[in-house]
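Read through the structure below, which is laid out as structure tokens, and then see the notes.
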Amino acid sequence: MNRVKVVCVAVTVTLSFTAFLSIATTCLAQSSRTAKKSPSARPESAPPREKTLTANEKRFAARAEQLLDSGTAGQGEWGALVIDAQTGDTLYQRNAEKFLVPASNMKLLTTAFALATLGSDYRFRTTAETRGVIDADGTLSGDVVLVGRGDPNLSNRRFPFQSKEEFDGVPERVLSEMADAIVARGVKAISGDIVGDDSYFPAERYPSGWEIDDMVWEYGAAISAIVVNDNTVKLTLTPGLNAGDAVQAEVSPATPDFFVENHVLTSIAEAKADLRLSRNPGSSVVVVTGTLPARHAPRILTLAVEEPALHGAALLKNLLEKRGVSVGGVARAVHESVVLPDPPRTLAEHTSVPVGESVKLVNKISQNLHTEMYLRVAARQTCAWKTPEELVNVPKSFYAQAGIVEGDVVQADGSGLSRHDLVTPRALVAVLQYAQKEPWFDAYYASLPIAGVDGTLEDRMKKTAAVGKIHAKSGSLEHVRTRSGYAETASGKRLIFSFMGNNQAGKNHEATDILDGLCVALVEEWSAEAAPVGSAKHPARKN
């Protein structure tokens with residue numbers, strides 16, 4: 001496999017691991033003591049009678065324990081909870097009340113909070129505004145301000161989302177349409193600046209617990225109320241025809257966020273690609289070194305921008321100039337709102353698809369930046385906040401309403417990319433159970449990846465009974481694998497589950513295979529309610 005090594009402040013990651021972040025996750029060690037009863041102590045009241053397990057529960061428990069206690073997985077920490085979706089009865093549990101790092105299972109909480117707060121019909125609004133006047137010659141005296149309000153899809157994505165992402169046109173398509181609208185108003189020249197205003201919510205580009213090497217790539221793109229093409233650009237590296245030729249580097253769309261210092265050379269055709277990319281936090285220089293084999297297909301790297309508002313303003317300025325509009329000022333950004341006496345006039349406006357449609361993209365492909373937009377925009381409808389600590393406190397009232405035990409969620413971000421997030425399996429099961437009764441449940445349920453069908457579970461559990469039956473959100477960080485959602489059984493019973501693995505020191509696929517085995521067991525063991533205990537199957541072979 002060709003790999004691109006990335007160096008950021010002495011941290012090195014490879015391109016093939018962008019989905020699995022290189023970090024060690026430490027979980028709270030759990031211990032228990034049994035006090036020795038004194039002979040003179042008063043007799044204690046009889047403990048409550050233990051629940052009698054059904055045949056299904058016994059078979060599933062046997063399979064689950066075999067999976068969770070074997071090999072290197074048994075050396076890690078596991079939490080699990082399975083309930084009957086209709087009755088709420090507990091069918092299986094293991095450390096259900098213990099804190100674990102959720103990874104992207106945090107998105108289940110954030111998207112539920114957003115849907116409950118905003119509603120499925122909520123639409124984001126982005127405008128280009130001015131306080132200037134357009135004279136008879138078409139000159140606008142003043143600035144043009146691109147005002148972002150957290151729309152995560154100022155891009156060329158096509159909706160509704162089907163089984164995969166689809167795109168139409170150039171990445172900056174929405175801004176192109178806004179530039180066309182400005183020109184259609186008769187604007188031929190602008191005396192002032194093109195301003196990117198992302199003051200809709202307080203500036204916090206990177207939440208607590210995000211790693212330095214996250215920030216280079218698209219999954220760790222900077223947070224801003226202006227999100228153009230996921231706040232990313234493409235770096236295309238094209239090798240020459242012969243060894244020793246320079247490799248051409250092109251950034252698209254062009255951005256003032258950084259420039260590329262390219263030291264990549266063409267190697268012999270038989271060689272493997274060997275690339276290194278580095279960018280120090282806050283630096284405007286991306287350094288690329290290494291080699292690409294002659295006549296090799298271009299390598300395309302998706303890189304995050306660190307100043308999204310400035311990036312958006314620069315793109316809009318460039319698009320206007322391409323349409324013949326003379327801009328006298330510069331592209332710049334503002335991050336704090338200023339109340340002025342005269343109201344602005346809208347030159348162009350873009351309205352997003354409803355949240356009920358866009359949430360499907362968020363959970364299916366596990367889009368981090370979009371989830372952060374949901375958290376902040378939903379929180380803004382509830383109250384004003386100034387600090388990250390105040391922000392993560394906003395959803396707590398919703399969590400209580402959803403039946404989550406107080407203190408069961410320690411939240412640092414909305415997406416689960418933070419290593420500071422802690423959640424219990426019972427908290428995730430609670431929000432999944434609560435969602436079923438809400439008017440936004442259809443959108444929520446439809447947003448979850450389906451085993452063997454789409455999203456992050458498209459290639460999982462194929463040729464098993466779980467195909468099409470598991471609707472669940474996956475989560476992954478280094479040493480962390482989680483999966484929570486719904487299991488639809490052939491008997492008609494719906495189960496709600498949360499499986500969380502932390503401190504998984506084995507190969508990445510081992511913990512994921514265990515999650516697959518647990519999901520298959522759920523579907524198999526409750527698909528025939530009357531099956532005898534002796535019919536228990538061995539765990540399905542992992543794919």
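The values are calculated or read from the model by the stated rules, or taken from the named source; none is laboratory data. Just so we're clear, the structure is a prediction, and the values are computed from it rather than from any experiment. Cβ atoms come from the backbone with ideal geometry, glycine included; neighbour counts cover every protein chain shown. For accessibility, only protein heavy atoms count, side chains too; no ligands or nucleic acids. Shrake-Rupley method; radii C 1.70, N 1.55, O 1.52, S 1.80 Å.
Restricting the search to region 451-464, which residues are surrounded by fewer than 24 Cβ atoms within 10 Å (Cβ to Cβ) and under 28 Å from G220 (Cα atoms)? Outline the logic, then answer.
Of region 451-464, the ones surrounded by fewer than 24 Cβ atoms within 10 Å (Cβ to Cβ) are 452-454, 456, 458-459, 462-464.
Passing the criteria: G452, V453, D454, T456, E458, D459.
So if I check each of R131, R63, R123, which one is among the charged types (D, E, K, R), out of contact with any helix residue (DSSP H, G or I) (no Cβ under 8 Å at 6 or more places or on another chain) and in contact (Cβ under 8 Å) with a residue 12 or more places away in the chain? Please lay out each step first, then the result.
Numbers: R63 fails: out of contact with any helix residue (DSSP H, G or I) (no Cβ under 8 Å at 6 or more places or on another chain); R123 fails: out of contact with any helix residue (DSSP H, G or I) (no Cβ under 8 Å at 6 or more places or on another chain).
Result: R131 is the single residue among R131, R63, R123 that is among the charged types (D, E, K, R), out of contact with any helix residue (DSSP H, G or I) (no Cβ under 8 Å at 6 or more places or on another chain) and in contact (Cβ under 8 Å) with a residue 12 or more places away in the chain.
Go through region 268-299 and report how many residues are at pLDDT 95 or above and within 23 Å of the chain's Cα centre (by Cα).
Result for region 268-299: 0.
For region 269-281, check the following and say yes or no: at least one residue is touching a strand residue (DSSP E or B) at 6+ places or on another chain (Cβ under 9 Å), assigned to a loop (DSSP other than H, G, I, E, B) and open to solvent by less than 30 Å² (accessible area, probe 1.4 Å). Step through it out loud before you land on a result.
In the first step, residues of region 269-281 are kept if they are touching a strand residue (DSSP E or B) at 6+ places or on another chain (Cβ under 9 Å); the result is 269-281.
Applying the additional criterion that residues be assigned to a loop (DSSP other than H, G, I, E, B) yields 269-273, 279-281.
Then keep just the ones that are open to solvent by less than 30 Å² (accessible area, probe 1.4 Å); that gives 273, 279.
Scanning region 269-281 turns up at least one residue that is touching a strand residue (DSSP E or B) at 6+ places or on another chain (Cβ under 9 Å), assigned to a loop (DSSP other than H, G, I, E, B) and open to solvent by less than 30 Å² (accessible area, probe 1.4 Å).
Collect the residues in region 95-112 that are assigned to a loop (DSSP other than H, G, I, E, B) and open to solvent by less than 20 Å² (accessible area, probe 1.4 Å), keeping them in residue-number order. Lay out the reasoning, then the answer.
Pass one, region 95-112, residues assigned to a loop (DSSP other than H, G, I, E, B): 95-99, 101-102.
A96, V101, P102 - these are the residues of region 95-112 that are assigned to a loop (DSSP other than H, G, I, E, B) and open to solvent by less than 20 Å² (accessible area, probe 1.4 Å).
Would you pick out the residues in region 384-396 that are in contact (Cβ under 8 Å) with a residue 40 or more places away in the chain and either under 17 Å from M106 (Cα atoms) or in contact with a strand residue (DSSP E or B) (Cβ under 8 Å, 6 or more places away or on another chain) (or both)? It would help to see each step written out before you state the result.
Step one: of region 384-396, the residues in contact (Cβ under 8 Å) with a residue 40 or more places away in the chain are 385-388, 391, 395.
P388, L391, P395 - these are the residues of region 384-396 that are in contact (Cβ under 8 Å) with a residue 40 or more places away in the chain and either under 17 Å from M106 (Cα atoms) or in contact with a strand residue (DSSP E or B) (Cβ under 8 Å, 6 or more places away or on another chain) (or both).
Which of the residues belonging to region 63-90 are closer than 21 Å to V405 by Cα and open to solvent by less than 20 Å² (accessible area, probe 1.4 Å)?
Selection gives W78, G79, A80, L81, V82, I83, D84, A85.
Does R483 satisfy the criteria of being closer than 21 Å to Y219 by Cβ, in contact (Cβ under 8 Å) with a residue 40 or more places away in the chain, of a type in the set (K, R) and in a strand (DSSP E or B)? Before the answer, list the steps.
On the way: closer than 21 Å to Y219 by Cβ: yes; in contact (Cβ under 8 Å) with a residue 40 or more places away in the chain: yes; of a type in the set (K, R): yes; in a strand (DSSP E or B): yes.
So R483 fits the description; yes.
Taking T382, is it among the β-branched types (V, I, T), out of contact with any Pro (no Cβ under 7 Å at 6 or more places or on another chain) and modelled with pLDDT under 95?
Details: among the β-branched types (V, I, T): yes; out of contact with any Pro (no Cβ under 7 Å at 6 or more places or on another chain): yes; modelled with pLDDT under 95: yes.
In short, yes.
Listed here are the residues, each with its yes/no results for (1) open to solvent by 70 Å² or more (accessible area, probe 1.4 Å); (2) out of contact with any His (no Cβ under 8 Å at 6 or more places or on another chain); (3) without any contact (Cβ under 8 Å) to a residue 40 or more places away in the chain.
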residue: A294; (1), (2), (3): no, yes, no
residue: K317; (1), (2), (3): no, yes, no
residue: V327; (1), (2), (3): no, yes, no
residue: E336; (1), (2), (3): yes, yes, no
residue: L361; (1), (2), (3): no, no, no
residue: S366; (1), (2), (3): no, yes, no
residue: Y374; (1), (2), (3): no, yes, no
residue: T382; (1), (2), (3): yes, yes, no
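Could you look through region 187-205, keep only residues that are more than 34 Å from the chain's Cα centre (by Cα) and open to solvent by less than 30 Å² (accessible area, probe 1.4 Å), and pick out the one that is nearest to V330 (Cα to Cα)?
G192
Of all residues in region 413-444, how many are in contact with a strand residue (DSSP E or B) (Cβ under 7 Å, 6 or more places away or on another chain), over 19 Å from D214 (Cβ atoms) and open to solvent by 10 Å² or more (accessible area, probe 1.4 Å)?
Looking only at that region, the number is 2.
Residues being within 17 Å of L115 (Cβ to Cβ) and out of contact with any Ser or Thr (no Cβ under 9 Å at 6 or more places or on another chain): count how many of those fall in region 401-427.
Summing the residues that are within 17 Å of L115 (Cβ to Cβ) and out of contact with any Ser or Thr (no Cβ under 9 Å at 6 or more places or on another chain) in region 401-427 gives 3.
Only residues that are crowded, with 24+ Cβ neighbours inside 10 Å, within 15 Å of the chain's Cα centre (by Cα) and of a type outside the set (S, T, N, Q): list them for region 223-234, please.
I223, V227
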